[in-house]
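Structure record follows, encoded as structure tokens.
The values are calculated or read from the model by the stated rules, or taken from the named source; none is laboratory data. Keep in mind the model is a prediction, meaning the values are calculated, not measured. Cβ placement follows ideal geometry from the backbone for every residue including glycine, while neighbour counts extend to all protein chains displayed. When the accessible area is computed, the model is the full protein with side chains, heavy atoms only, and any ligands, DNA or RNA have been set aside. Shrake-Rupley method; radii C 1.70, N 1.55, O 1.52, S 1.80 Å.
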Amino acid sequence: MITLRSPAKINLFLRILRKREDGYHELASLFQAVDLYDTIHFALSNNDELSCTDPSLPVDGSNLILKAVHLFRKKTALKFSLKARLEKKIPHQAGLGGGSGNAATTLWALNTLLGFPVMTQDLMSWSSEIGSDIPFFLSEGTAYCTGRGECVRSLPPLPPQSLWVIKPPQGTSTPDVYRRLNISQLIDRPPEKTLQQFLEGNPDYYNDLEAPAFKALPELAIVKQRLLDVGFDQVLLSGSGSSFFCLGQAKEKIPNQLIAFPLKFANRLSHHWY
Ligand code: C5P
């Protein structure tokens, strides 16, 4: 049996470039893992079985943990079953990649429990079949991601940074946010240049999904303004929302109805998990 932490992520910037023929959107984004973790206990077993501390989450084949188990079995043709217990802490419908991180953690756990039959690079490329954000979670925690998110360019860790992740009570649906995106209204910023600015220590935080997320859930624009009013220097939606990450210090109390996590960037060492 092994127990692993499954991290969350934020998008330090997120640029949407175009809509593709297959319905997905071509994006370019700087992804960063943060030290907000679910905990997952794994053991090889006679049957696949998933349980979770959060009763609102499905524990059937629609859960990305079980999708990852099926994917690993299909790709390796190995015979095994896995029992997993998920202690959920990362909010869902939050743009924090909680489910994607769980899938990546499951692939890492299976590879460990089965004696490392697969290279991490292969886990990464397989994992894009079950979700665009999963390959990122097999990087070492900082990566520039393109394509539909699955083309991962791993980067060295950024300078350490304290931040707050703030989750409003309402969640957003990723497909709904993408549906509301009006590409013609986006500012034409070259993402490679934004990446360069981050690497040079002169960051430009933006997220092209903020406008459509605010259309889907107008309360989010009010939450963003409130967080700027309490004194944060930067407040940016993570992914398709509904959570924000905030840089700087609040000079007033963060409103009670918002869940606030004080966090740091998280990176793993190669050959070790988080
Ligand atoms: O790949 P994943 O299952 O995480 O994507 C969920 C949904 O988000 C897709 O069905 C699609 O509506 C939207 N999406 C997109 N472009 C991306 C990633 C996701 O339109 N690059």
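Some observations on this one:
- A143 touching a helix residue (DSSP H, G or I) at 6+ places or on another chain (Cβ under 9 Å), farther than 30 Å from D208 by Cβ and either assigned to a strand (DSSP E or B) or not small (G, A, S) (or both): no
- Filtered by the rule that a residue be more than 15 Å from the ligand (Cβ to nearest atom) and of a type in the set (A, V, I, L, M), the stretch 144-169 gives L155, L158, L163, V165, I166.
- Identity of the residue in the stretch 134-146, of a type outside the set (A, V, I, L, M, F, W, C) and within 16 Å of N207 (Cα to Cα), that ends up surrounded by the most Cβ atoms within 10 Å (Cβ to Cβ): Y144
- Taken over the stretch 26-59, the criterion of being within 21 Å of the chain's Cα centre (by Cα) and in a loop (DSSP other than H, G, I, E, B) is satisfied by T53, D54, S56, L57, P58, V59.
- Taking the stretch 170-205 as the range and being within 16 Å of the ligand (Cβ to nearest atom) and hydrophobic (A, V, I, L, M, F, W, C) as the test, the residues that pass are V177, L181, I183, L186.
- Residue list for the stretch 240-274, restricted to those being over 19 Å from E219 (Cβ atoms) and of a type in the set (S, T, N, Q): Q249, N267, S270
- For the stretch 120-137, the criterion of being in a strand (DSSP E or B), within 14 Å of the ligand (Cβ to nearest atom) and among the hydroxyl-bearing types (S, T, Y) is met by none of the residues.
- Identity of the residue in the stretch 156-172, farther than 19 Å from F244 by Cα and in contact (Cβ under 8 Å) with a residue 60 or more places away in the chain, that ends up surrounded by the fewest Cβ atoms within 10 Å (Cβ to Cβ): P157
- Any hit, the stretch 31-41, residues being modelled with pLDDT of 95 or more, surrounded by 22 or more Cβ atoms within 10 Å (Cβ to Cβ) and within 16 Å of the ligand (Cβ to nearest atom): yes
- Criterion applied to L82, L78 was being of a type in the set (A, V, I, L, M), surrounded by 21 or more Cβ atoms within 10 Å (Cβ to Cβ), touching a residue at least 24 places away in the same chain (Cβ under 8 Å) and more than 16 Å from the ligand (Cβ to nearest atom), and the one residue passing it is L82.
- Residues that are outside any helix (DSSP H, G or I), open to solvent by 20 Å² or more (accessible area, probe 1.4 Å) and closer than 20 Å to S240 by Cβ occur at least once in the stretch 92-112.
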